[in-house]
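As structure tokens, the structure follows; a few thoughts come after it.
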Amino acid sequence: MFFGGFMSMLGNKHVLSVMVSVEFLFLAAIWMASSTVGMCDMTPVLMLLVLGVCEAALMLSVLVRMVRSFGNDLVLSLGVLSC
């Protein structure tokens, strides 16, 4: 599950596809954490879940800002952001 998300992140041209792959990786991390911790203490798993939601909201706001500024969400246009 983790390697599938990582491999799908490498061949994407759009930032939105990369963000979905990152969220898939985060979901795999939450799944692994919940399976190792078990049902006795779910506090770390819930903290990871809250962190994932905050990260997704931040990435979406950056994507909206980038599309409004540059007009597209291509990964190749990220070189423009470094200037």
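The values are calculated or read from the model by the stated rules, or taken from the named source; none is laboratory data. Computed from a predicted structure; not experimentally measured. In this analysis, Cβ positions are derived from the backbone assuming ideal geometry, glycine residues included, and neighbour counts consider all displayed protein chains.
Contact map, segment 30-52: residues that are of a type in the set (S, T, N, Q) paired with residues that are surrounded by 11 or more Cβ atoms within 10 Å (Cβ to Cβ) and part of a loop (DSSP other than H, G, I, E, B), Cβ distance under 8 Å, separation 6+ or inter-chain. Pairs shown: Ser34/Met42.
If you go through segment 21-42 and keep only what is at pLDDT 80 or above and hydrophobic (A, V, I, L, M, F, W, C), you end up with Val22, Phe24, Leu25, Phe26, Leu27, Ala28, Ala29, Ile30, Trp31, Met32.
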